[in-house]
1. Here are some conditions: (1) crowded, with 19+ Cβ neighbours inside 10 Å; (2) without any contact (Cβ under 8 Å) to a residue 40 or more places away in the chain; (3) part of a loop (DSSP other than H, G, I, E, B). Residue 604 meets all but one. Which one does it not meet?
2. Taking region 867-882 as the search range and keeping residues that are surrounded by fewer than 18 Cβ atoms within 10 Å (Cβ to Cβ) and within 30 Å of residue 938 (Cβ to Cβ), which one is modelled with the lowest pLDDT?
3. Filter region 704-729 down to the residues that are free of Cβ contacts under 8 Å to residues at least 12 places away in the same chain and out of contact with any strand residue (DSSP E or B) (no Cβ under 8 Å at 6 or more places or on another chain), then identify the one that is nearest to residue 291 (Cα to Cα).
4. Within the group 1081, 1074, 1087, which residue is at pLDDT 90 or above and under 30 Å from residue 233 (Cβ atoms)?
5. Does residue 514 satisfy being buried (at least 18 other Cβ atoms within 10 Å of the Cβ), over 25 Å from residue 641 (Cα atoms) and more than 42 Å from the chain's Cα centre (by Cα)?
6. Given the criterion more than 37 Å from the chain's Cα centre (by Cα), in contact (Cβ under 8 Å) with a residue 60 or more places away in the chain and either surrounded by fewer than 22 Cβ atoms within 10 Å (Cβ to Cβ) or closer than 18 Å to residue 326 by Cα (or both), identify the matching residue among 664, 681, 658.
7. Exactly one of (1) crowded, with 18+ Cβ neighbours inside 10 Å; (2) touching a helix residue (DSSP H, G or I) at 6+ places or on another chain (Cβ under 8 Å); (3) assigned by TED's automatic domain parsing to the domain that holds residue 1056 is unmet by residue 948. Its number?
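The values are calculated or read from the model by the stated rules, or taken from the named source; none is laboratory data. Quick caveat, the model's predicted, so the values are computed rather than measured. With ideal geometry, Cβ positions are generated from the backbone for all residues, glycine too; neighbour counts draw on all protein chains shown.
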């Protein structure tokens, strides 16, 4: 074949994906004739011969196991209206999946009923099932069962017109088509004696049978029982929200560890498994203190078991802050989770273990990142190193505060989730929001798209929601001591710092002085617009303007932040650690390295910045004399600031100490946070003088011994010591300090992450206190930071996007230029704190929850509660409703290897809708008017069958986007392989590639053996191309790396990669029938 010759549409060789590779050797012997030995070999089946005999008989008799009910329904429909059918049901030695064993043996009808109610009848047979039921009532179908339970019947005999077949084939799809069976067939003309004897045997068995008509009719009624749409909807929502589908699987993984989980943690695991199936990644943003570490360890174990069950290697890596590495290791050990836990510091600084981390990231199928907000800065070393090295197929992110600086930060988490898991519109938005400060420039439609995408991979449950879950089963939530668990009441208060008028005046003068700064100390050595900034659309003029404004504001911000912490903090910032230590008598204050000394740096101007910009600059950025003069100017201004701060009284620090002392008198343990280490040291000295005999701890990142002492004293069930702990923000993440009943912010956090993490140390689900107090500093207007407004703006953004866990006094929600009204702070907070917490989190499941919870619920609480824990399947949860048009909704059950699925078809030929938000909206639109119920008649059953036949294709469309794109790219690469094989005239290779390509395109001839497990195919492909992916990942590139970027390289590697592909896909796992997993369905039908 020449390169120009057209490629054949189908392969000429045998299908690569046959269920029976042994059949390739069947030609080595001679099989007996099919008219005497009906077999499933050489393209012929038992079905062809047996069905032909039965449909031509006047009164056919079938002796088979009760697992054949579906095929018998088909057979009866094929017989027509005139021929009666006789059926003798025998037993099933192994009832298979869904079967049960009992110490008390059930009766035959009970065993059959339990089997079929567990398994369910295929939806496509619903019309035939109705017909079968009516024929049974009319007597046109006679049904009997074998009554002897001590000696059950296992015979398989099919008596037709002049022929009888007996052997091993059950009257099921496996027995009639798929399995190798041994059967003999005798005809009245060919072997009359054998025919008469076999027919007499069948009739003898029939004569011993007991009438099964009434019991079988009762079973069919239960299978065909149509419920109201509220019942079906409640069943579907419960399957998705409650996670009971995962209970058996989790128990199978580790029954003992499963018992240690709270129901809310089990629910969270199930919802996370759903999102991993649906999205390929999950962001768990549950409230601080909800037990995410334990839940996460068990979630990783569950996903590992699923990967292993599919034949994969579930290598897993966790990146976590150093403070929680040990906790992750402990919980992973308890959950029996094979997990390599690395400190995030290895990504930032490196060490001798860094190569181990890089190697683990390259090999990991599962990547987990705790406190993922630490990776919001794409330019940081830690973030770039993580992006460069990880190749994980599944990503799990954990954080309690997904927003750091602004809404852009949450979208940047998508970098970790992987570009191929995101919608194209979101990728465009990502490029847009990478520009600093661009969020407010986005249009409303773009912002809405961004929010919708964020929801699809997020689990967000607030403290209010956790307490509601506890109310369902309070006895199931206990800590290690057996004490009931519940989030404590969160009481927010403010405390005054009592600044004297003279200090306020000095703070005002400091602000005025700072307005005069150039900010020269923040100017970089090279003034240059980077390639990334150019790509983002930033102009040189904008870069210059941002630099001039930002340098000034950053110096101002840092000076005021230090002043707000303490006088010592600002002196350290301006003059250095050594000067501040001596000036404030802090001889024992030690740091790993001295910091600050801005004034010293201003004395040494250095070289004028190298200018690589083509736009005009002010003289002080280009002229040597002006550059030095600017340094001198800023030095003079900041020297005056130093004079002002040195003239201030210690009133603010004394007010903080007095407040801590007051709390220590009424609380056994008090926790206080400040971002400046020197402030902690200074306040500690004063507090020890104020509270002699009371234990005062200092806990910072540089003092491991003190950190451990605080952890021992403030963890649940820790040391009995009482006292006050002054902590840096190194203890604000991940650690358990809930023995404290009061927390004090010594400085106002500038980002929501710090505020919520600090508060989360005490406001935890397993807190021993019914109530916790959180105290916020109430600064005079002259001391207040402009960052307060940024902080509060972010609280608003969190409320809008995800719901908030952080109640704040209303007065602190005003703009930074407004003063805080201390007199009304406490009074007005009580009015608003709960309303903020009650904001509904808009995560992936919010729209589904809204169908069964809250003021807009379509299902009453008692109906949802009834179905929440019940699992009877298929038509027992089908509803028919009156509608102007035909539509259908399906919920597929979850199992060990896949999560539940929701599908909505708006019309007979419409594409399936799979987004939970959109499906829920479609159901709300059609069901909110409370349409009347319809009847499950034959027209309705035919429409139900029509939609159910579309489920396999729809299920493939619900794969994570990355895996859908993997299959799409695999198809395109295979097309390239075909062209290469055709060019080389390699017909065998060409045929093999075509067979695989045709399967990916779902050509009918390739699906006769069943629907492949598309996710398993995608996983195999991703594993095969992993070396090529890593090679590209380590190369310099712009933007996101997509699977399509590998296409050319993979096609060029056909000689190397092609044989690996054919070997990997020679045998494929099949997917269980979608319609057999339907647990709820609603069909809209026009009234007739």
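1. With respect to (1) crowded, with 19+ Cβ neighbours inside 10 Å; (2) without any contact (Cβ under 8 Å) to a residue 40 or more places away in the chain; (3) part of a loop (DSSP other than H, G, I, E, B), residue 604 is out only on (1).
2. This residue is 872.
3. Applying the filter and picking the extreme gives 712.
4. Details: 1074 fails: at pLDDT 90 or above; 1087 fails: at pLDDT 90 or above.
Of the residues listed, the single one that is at pLDDT 90 or above and under 30 Å from residue 233 (Cβ atoms) is 1081.
5. On the way: buried (at least 18 other Cβ atoms within 10 Å of the Cβ): yes; over 25 Å from residue 641 (Cα atoms): no; more than 42 Å from the chain's Cα centre (by Cα): yes.
The answer is no for residue 514.
6. 664
7. (3)
Listed here are the residues, each with its yes/no results for (1) surrounded by fewer than 21 Cβ atoms within 10 Å (Cβ to Cβ); (2) in the same structural domain as residue 704 (by TED's automatic domain parsing); (3) touching a residue at least 24 places away in the same chain (Cβ under 8 Å); (4) assigned to a helix (DSSP H, G or I).
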{"position": "564", "(1), (2), (3), (4)": "no, no, yes, yes"}
{"position": "574", "(1), (2), (3), (4)": "no, no, yes, yes"}
{"position": "582", "(1), (2), (3), (4)": "yes, no, no, yes"}
{"position": "585", "(1), (2), (3), (4)": "yes, no, yes, no"}
